[in-house]
Amino acid sequence: MKITSVFDLYIQRTEFFTKLLIEHIYLTSVSVLIITIVGLTTGILMSSNKKMASIVLTLTGFLYTIPSIALFGFLVALTGIGNTSAIIALSLYGVLPVIRNTYVGITEVDAEIIESATAMGSTPLQLLLNIQLPLASPVIIAGFRTMVIMTIALGGIASFIGAGGLGVAIWRGITTNFPEMTVAGSLLVAMFAIIADVVLGFVEKGFSSKILGKE
Amino acid sequence: MTIIEFDKVSKSYEEGKDVIKDISFKIDEGEFVTLVGPSGCGKTTLLKMINKMIAPTAGKILIRGNEISSWDTTDLRRSIGYVIQQVGLFPHMTIAENIGYVLKITGAQKAERRSKALELISLVGLDKSYIDKYPRQLSGGQKQRIGVARALAGDPDIILMDEPFGAVDEIARKKLQDEFKQIHQKLGKTIVFVTHDIYEALKLGTRIVLMNNGVIEQSGTDTDLVFKPASPFVKDFFGIKGYKALLDEDTLQKDYEKAIEIAERTQ
Ligand SMILES: Nc1ncnc2c1ncn2[C@@H]1O[C@H](COP(=O)(O)OP(=O)(O)OP(=O)(O)O)[C@@H](O)[C@H]1O
Ligand SMILES: [Mg+2]
């Protein structure tokens, strides 16, 4: 297999790869959106409820001991083949870093800062919005970044359960013994992940320099 | 006029172990009360019951004549300034935003918050150019000043302070004490001030309250506590240090000069 034949493939089948990339972006974005909403909410609720915190952390920890393929298989039985199952699986996997980092970020804000803000008469919501979330934001964004990369990569195997995305090319390459196709799909997944990582890296830096003052 | 009243107040963190034991006492409007006593005697606990940061296990606390349970917690806290040793400035906000925080949560506009911050930063003796800096760019003493300014922003009639000048060096502390004493005289707020430092307690307080083991050993003026100690504990606590704190510095300075003169003459 020559690497040039991979590029030939991109040129010959531009439309096919573009469609897969768009599907991949769609699958990932929907999952990221769900994860962000669920993860932030759960993390925030946990930070004021110790019991819930230990339950959620145990549950999500347990989730990670299930191999992704087994989870996919289980979901197919429940929600069938297609994008829905893939999005559920991606969301389940990606939610831990967001939950954990939101929780840790909020609970690690200095006690004196919380004490001052509370004693000055902040309502719990004002405390959350003005103090806790801004101060936790560098940690939360670090978790978000990890999650996005994970979701993009994991999205590559979502087509094993009939979802779209670049996994289709990888899967087809494997089943038809067409390595260029597999490499072409994988390469695009990797590129997508790297670009997302670099962009989010800048965002993360921006936030921590605003909050922590590092230039 | 009584502004803060403790009526048979007790507090225990663990069953059967009271850290505040049946304390009753009143603070009048405009008083500067300093709370002193050995570590662990309950000063912080007593202070934090005033702004509902800690709930008493028994007894009543009245603020401006109303029992604490009838106060809305946020309203009560917004009407009481609070300064702690670690200051607890918000690191992601500028000095102006820090000072204006109480005004922000009560819905004041940005322009009003800024002009209040400018007014207060001068009052606490800092240059106006600090207003757009971040807490990390300030020294310990400067942070303490901002902590005081922030506590004054909502124009509270009561200010609670827990060892506010504890973390700065001797010289900066003396300066802060002098300036804060002037601020108190100028603004006439009621201040409850916890300290470890006997000298600070005697110098600042219009009334000094000495606590020990969850009870008030004695409450009175500086001369009451130093010259008329109510118990051996009070006498031991202030001792010669308390006596020295009451001596007039100018007289001492003259005595010192005289001593040097005599020493030089006998050489
Ligand atoms: N959250 C808590 N849980 C259990 N015990 C506590 C708690 N806070 C304080 N105590 C105990 O209550 C007593 C009084 O504590 P407090 O903090 O009021 O003392 P303090 O006079 O302010 O001491 P210091 O001068 O060291 O600050 C101490 O014995 C302390 O161990
Ligand atoms: Mg204390």
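Looking only at residues in the stretch B:1-21 that are within 16 Å of ligand 1 (Cβ to nearest atom) and surrounded by fewer than 14 Cβ atoms within 10 Å (Cβ to Cβ), the one that is nearest to B:Ser231 (Cα to Cα) is B:Lys17.
If the condition is being open to solvent by less than 10 Å² (accessible area, probe 1.4 Å) and in contact with a Phe, Trp or Tyr (Cβ under 8 Å, 6 or more places away or on another chain), then the stretch B:97-133 contributes B:Asn98, B:Tyr101, B:Ile121.
Pairs are defined by a Cβ separation below 7 Å, a sequence spacing of at least 6 or placement on different chains, a first member in the stretch B:35-50 that is farther than 12 Å from B:Lys11 by Cα and in contact (Cβ under 8 Å) with a residue 12 or more places away in the chain, and a second member that is within 6 Å of ligand 1 (Cβ to nearest atom) and of a type in the set (Asp, Glu); no pair meets this definition. Checked against the criterion of being open to solvent by 60 Å² or more (accessible area, probe 1.4 Å), out of contact with any Phe, Trp or Tyr (no Cβ under 7 Å at 6 or more places or on another chain) and in a helix (DSSP H, G or I), the candidates A:Thr146, A:Thr182 yield just one match: A:Thr146. Restricted to the stretch B:27-50, and to residues there that are more than 15 Å from B:Phe6 (Cβ to Cβ) and away from ligand 2 (no atom under 16 Å from the Cβ), the residue that is nearest to the chain's Cα centre (by Cα) is B:Phe32. Residues considered: B:Lys116, B:Lys104. Of these, the only one that is touching a residue at least 24 places away in the same chain (Cβ under 8 Å), touching a helix residue (DSSP H, G or I) at 6+ places or on another chain (Cβ under 9 Å), among the charged types (D, E, K, R) and closer than 23 Å to B:Asp75 by Cα is B:Lys116. The residues of the stretch B:134-158 that are open to solvent by 10 Å² or more (accessible area, probe 1.4 Å), of a type in the set (D, E, K, R) and within 29 Å of B:Leu76 (Cβ to Cβ), listed by number, are B:Lys143, B:Arg145, B:Asp155, B:Asp157.
Taken as a whole, the structure leaves A:Pro97 outside the set of residues that are part of a helix (DSSP H, G or I) and within 14 Å of chain B (Cβ to nearest Cβ). Look at B:Leu160 and say whether it is under 18 Å from B:Gln86 (Cβ atoms) and either more than 16 Å from ligand 1 (Cβ to nearest atom) or of a type in the set (Lys, Arg) (or both). It is false that B:Leu160 is under 18 Å from B:Gln86 (Cβ atoms) and either more than 16 Å from ligand 1 (Cβ to nearest atom) or of a type in the set (Lys, Arg) (or both).
If I ask for residues that are in a loop (DSSP other than H, G, I, E, B) and more than 21 Å from B:Gly214 (Cα to Cα), which ones from the stretch B:230-264 would you list? Those that are in a loop (DSSP other than H, G, I, E, B) and more than 21 Å from B:Gly214 (Cα to Cα): B:Leu247, B:Asp248.
Per-residue answers, yes or no, for (1) without any contact (Cβ under 8 Å) to a residue 60 or more places away in the chain; (2) over 26 Å from B:Lys26 (Cβ atoms); (3) within 14 Å of chain A (Cβ to nearest Cβ); (4) away from ligand 2 (no atom under 16 Å from the Cβ):
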residue	(1), (2), (3), (4)
B:Lys189	no, no, no, yes
B:Lys203	yes, no, no, yes
B:Asn213	no, no, no, no
B:Gly242	yes, no, no, yes
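When the strands (runs of 3 or more DSSP E) confined to the stretch B:1-87 are screened for residues that are farther than 17 Å from B:Ala151 by Cα, those reaching at least 1 such residues are found at B:2-14, B:17-28, B:32-36, B:58-63. Hey, among the residues in the stretch B:47-62 that are hydrophobic (A, V, I, L, M, F, W, C) and within 13 Å of ligand 1 (Cβ to nearest atom), which one's nearest to B:Ala201 (Cα to Cα)? It comes out as B:Leu47. Are any of the residues in the stretch B:9-26 within 14 Å of chain A (Cβ to nearest Cβ) and more than 16 Å from ligand 2 (Cβ to nearest atom)? Checked the stretch B:9-26: no residue is within 14 Å of chain A (Cβ to nearest Cβ) and more than 16 Å from ligand 2 (Cβ to nearest atom).
Conditions: (1) more than 12 Å from ligand 1 (Cβ to nearest atom); (2) of a type outside the set (A, V, I, L, M); (3) within 14 Å of chain A (Cβ to nearest Cβ); (4) surrounded by fewer than 21 Cβ atoms within 10 Å (Cβ to Cβ). B:Thr44 meets all but one. Number of the miss? Only one criterion is unmet by B:Thr44, namely (1). For the stretch B:128-158, the set of residues classified as within 27 Å of B:Ile50 (Cβ to Cβ), within 11 Å of another protein chain (Cβ to nearest Cβ) and not in a helix (DSSP H, G or I) consists of B:Ala153, B:Gly154, B:Pro156, listed by residue number. Being closer than 30 Å to B:Ser129 by Cβ and more than 7 Å from chain A (Cβ to nearest Cβ) is the requirement here; does B:Val87 meet it? In short, yes.
Got at least one residue in the stretch B:159-181 being outside any loop (DSSP other than H, G, I, E, B), more than 13 Å from chain A (Cβ to nearest Cβ), of a type in the set (Lys, Arg) and surrounded by 18 or more Cβ atoms within 10 Å (Cβ to Cβ)? Yes; the residues of the stretch B:159-181 include at least one that is outside any loop (DSSP other than H, G, I, E, B), more than 13 Å from chain A (Cβ to nearest Cβ), of a type in the set (Lys, Arg) and surrounded by 18 or more Cβ atoms within 10 Å (Cβ to Cβ). Determine, yes or no, whether B:Ala117 is more than 16 Å from ligand 1 (Cβ to nearest atom), part of a helix (DSSP H, G or I), at pLDDT 90 or above and out of contact with any strand residue (DSSP E or B) (no Cβ under 8 Å at 6 or more places or on another chain). Yes: the conditions hold for B:Ala117. Checking the stretch B:63-71 against the condition returns no match, with no residue being more than 16 Å from ligand 1 (Cβ to nearest atom), under 16 Å from the mean Cα position of the chain (by Cα) and open to solvent by 50 Å² or more (accessible area, probe 1.4 Å).
The values are calculated or read from the model by the stated rules, or taken from the named source; none is laboratory data. A quick note: this is a predicted structure, and the numbers were derived from the prediction, not measured. Reconstructed Cβ throughout: ideal geometry from the backbone, glycine too, with neighbour counts over all protein chains shown. Accessible surface is based on the protein model in full, side chains and every heavy atom, while ligands, DNA and RNA are left aside. Shrake-Rupley method; radii C 1.70, N 1.55, O 1.52, S 1.80 Å.
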